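Read-outs: derived from the displayed coordinates by stated rules, not from any lab. Bear in mind that the values here come from a model prediction, so they are computed numbers and not experimental data. FYI the Cβ positions are ideal-geometry reconstructions off the backbone, even for glycines, and counts take in every protein chain you see.
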Amino acid sequence: MKSNKRTLHEIYDKLYAFYGPQHWWPGDSPFEVAVGAILTQNTNWSNVEKAISNLKAARVLTARALHRMPAAELALLIRPSGYFNIKTGRLKAFLAFILTVYSGSMKRMGKGDTASLRQELLNVRGIGPETADSILLYALDKPMFVIDAYTKRVMSRHGILDHGASYDEYQQMFHELLGNNIRMFNEYHALLVMVGKDYCKPKPLCEDCPLYDRSWVIGHGSWVRK
DNA sequence: GACCAGGCACATC
DNA sequence: GATGTGCATGGT
């Protein structure tokens, strides 16, 4: 499959015209964004909001407070976000990392070299490429495009890149074709999530999607040129 | 009741 | 390297 710079920009323009700026990530601080990035793994965002609001109500949304808190207690607070035992361990691993390496400060974390910081995050148990890149882009304002299930679904359905392509292949395409445009990376991924939630469902191909184009027809699970 | 949601680690072949 | 499985809540 051929990746195409113009198509990638066209998709962005259509989504931006349809939805407008998204002002992501929803969160009051870089630390909250990082916590949200872990909690939202394979989970609906509305469930994550409940968990984060529990943490806020308990006034423990800081690295030190969460680190001090017994795991069972933390698990109870983040319960609405699902996989709460797994995510408790992942949060604890991230807290240990940020406290030992950056004194619990997201600001200090953001001062390091992006590539090596990404590798440090990937070395934390429970932080994979999407979570690491979400933290880099949305909490630390680094030029890292975030690839998620929606990104792959929308892109593959429009014949841009095969669904089976790897995370790195997808990311490389965005980086090569869009340049290091932090602002655009931020909006583009948010817009892909929006169109994924609203129209680009796993099963049906919706003709009322803002990306629908009359010169395309429904092929086997994807849109193809007439 | 089935399906879906802003992944990741681990086991097995 | 590819494929399969467990983890869990809440909305539609």
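Computed values, structure above
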| item | result |
| --- | --- |
| Sum of side-chain charges, A:Val193 neighbourhood, beta-carbon under 14 Å (Lys, Arg +1; Asp, Glu -1) | -1 |
| Stretchable slack from A:Asp198 to A:His175, in nm (0.36 nm times residue separation minus alpha-carbon distance) | 5.7 nm |
| Per residue, the convex hull volume that the Cα atoms of segment A:1-83 enclose (Å³) | 141 |
| Estimated FRET transfer efficiency when R0 is 30 angstrom, pair A:Thr62-A:Cys206 (beta carbons, to 0.05) | 0.10 |
| Gain in span if fully extended, A:Asn44 to A:Asp141, counting 0.36 nm per residue against the direct Cα distance | 32.6 nm |
| Convex hull of segment A:56-186 built on C-alpha atoms - directionally averaged projected area, nm² | 9.0 |
| Evaluated over chain A, the Cα radius of gyration and Dmax, each in Å | 18.5, 60 |
| Environment charge at A:Ile147 (Cβ cut-off 10 Å; Lys +1, Arg +1, Asp -1, Glu -1) | -4 |
| Reachable lysines from A:Lys5, criterion Cα separation under 28 angstrom, eight or more residues apart if same chain | A:Lys14, A:Lys142, A:Lys152, A:Lys197, A:Lys201, A:Lys203, A:Lys226 |
| Potential extension, A:Ala149-A:Ala96 segment - 0.36 nm per residue separation minus Cα distance | 16.2 nm |
| Separation of alpha-carbon centers, segment A:22-60 and segment A:98-149, rounded to whole Å | 16 |
| Cross-link reach list, aspartates and glutamates versus A:Lys56, counting only Cα pairs under 13 Å and skipping chain neighbours closer than eight places | A:Asp28, A:Glu32 |
| Sites A:Phe18 and A:Tyr167, calculated FRET efficiency, Cβ-Cβ separation with R0 25 Å, nearest 0.05 | 0.40 |
| Residue-averaged [θ]222 nm for chain A, counting only DSSP H segments that reach four residues, each worth -39500 (n - 2.57) | -17000 deg cm²/dmol |
